[in-house]
1. If residue 315 meets every condition in (1) modelled with pLDDT of 95 or more; (2) crowded, with 23+ Cβ neighbours inside 10 Å; (3) under 15 Å from the mean Cα position of the chain (by Cα) apart from one, which number is that one?
2. If I ask for residues that are in contact with a helix residue (DSSP H, G or I) (Cβ under 8 Å, 6 or more places away or on another chain) and farther than 21 Å from residue 172 by Cβ, which ones from the stretch 210-225 would you list?
3. Output the number of residues of the stretch 55-85 satisfying the condition of being surrounded by 23 or more Cβ atoms within 10 Å (Cβ to Cβ), at pLDDT 95 or above and under 25 Å from residue 149 (Cβ atoms).
4. Within the group 328, 313, which residue is closer than 30 Å to residue 265 by Cα and touching a strand residue (DSSP E or B) at 6+ places or on another chain (Cβ under 9 Å)?
5. Restricting to the stretch 96-137, count the residues that are at pLDDT 95 or above, part of a helix (DSSP H, G or I) and surrounded by fewer than 17 Cβ atoms within 10 Å (Cβ to Cβ).
6. Under the condition of being modelled with pLDDT under 95 and more than 20 Å from the chain's Cα centre (by Cα), which residue from the stretch 169-190 is surrounded by the most Cβ atoms within 10 Å (Cβ to Cβ)?
7. Tally the residues that are farther than 27 Å from residue 53 by Cα, touching a helix residue (DSSP H, G or I) at 6+ places or on another chain (Cβ under 8 Å) and part of a loop (DSSP other than H, G, I, E, B), restricting the search to the stretch 295-330.
8. Please enumerate the residues belonging to the stretch 233-250 that are part of a loop (DSSP other than H, G, I, E, B), under 25 Å from the mean Cα position of the chain (by Cα) and either surrounded by 17 or more Cβ atoms within 10 Å (Cβ to Cβ) or at pLDDT below 95 (or both).
């Protein structure tokens, strides 16, 4: 099981839908989050992309030297960059970070925003472009290890004698991730990507999606890894966790919700439509599955659900998704710095992770520390780890 966190390059806050409690996200703050999650044992971070975000490539590159093991999931943008340029960027990042880049293919779901970036393609055409883009990108990187060039003439994109002189560390290319719920998206995923990402839908819907992708990939002689994108609200008790969920949206009014939902409805993203359908814009129907709360999606685009509960409950829900075939979980919480620490301290010891030894200190038996004239020595308490039987 791999646990990722999130760098909020679009801003951070203690509350949704209001400027109250807002926090400026500058480089110092992003570095704080990256260093914290690296030290805590998170496997990587997702860095978002889009008009409302700082550039993910520059952000990620600026954090290479601040981290040791952390991997960076950054966006490939078909139609906005060329595949040959993106291949050089990926190889350079991979070399400078010693193999710590992952690529997230993002086709976009907001035609208005895409036009602002100079991309005038409808949903279907964007996926045609993305398919050819990925073919070129993968071949350039794969052939760089042997010094070969690549020529391709497609309906949307073409290259002649494309060549990469400095190959990536990861072979044959840095892993390619992708998420999408349309028929065009699942076809692309089954044919070309390595890890398929889904947003946090109820387990039954996730199971259906994974089974569909598995069958489609198998028909092409391929298999995929699977990941899920969720928020998390974990506290020492279930009551405290649900109170924290209510606090997160306590300043959210109906007008703000309506404006956000109107904007989401204008997008052509099937995944966004599925997220919005979970709650229908209503604040009284937010627990869409046991401990799966859709309140964030009232005003946030993209991933809009959170796991809510005490550590044991949240770990059990994570295990339910793992049993469906999910091996990578990309979490986030508000504010992102404090919640990354809270989640690691409370939930990591309950999960089948290789990094549990990094979290031994929060589970030391005491008393010890600043006690006058004491002789207490910390002893490590072995945490209980949830597995299929105990979940």
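1. (3)
2. Quick first cut of the stretch 210-225, residues in contact with a helix residue (DSSP H, G or I) (Cβ under 8 Å, 6 or more places away or on another chain) only: 212-213, 216-217, 219-220, 222-224.
Listed by number, the residues that qualify are 212, 213, 216, 219.
3. Total meeting the criteria: 1.
4. Values: 313 fails: closer than 30 Å to residue 265 by Cα.
Only one candidate passes the filter, namely 328.
5. Residues in the stretch 96-137 being at pLDDT 95 or above, part of a helix (DSSP H, G or I) and surrounded by fewer than 17 Cβ atoms within 10 Å (Cβ to Cβ): 1 in total.
6. 184
7. Result for the stretch 295-330: 4.
8. Of the stretch 233-250, the ones part of a loop (DSSP other than H, G, I, E, B) are 235-237, 249-250.
Right, trim to under 25 Å from the mean Cα position of the chain (by Cα) and you get 235-236, 249.
Result: 235, 249.
The values are calculated or read from the model by the stated rules, or taken from the named source; none is laboratory data. Bear in mind the structure is a predicted one, so any value in this text is a computation, not a measurement. FYI the Cβ positions are ideal-geometry reconstructions off the backbone, even for glycines, and counts take in every protein chain you see.
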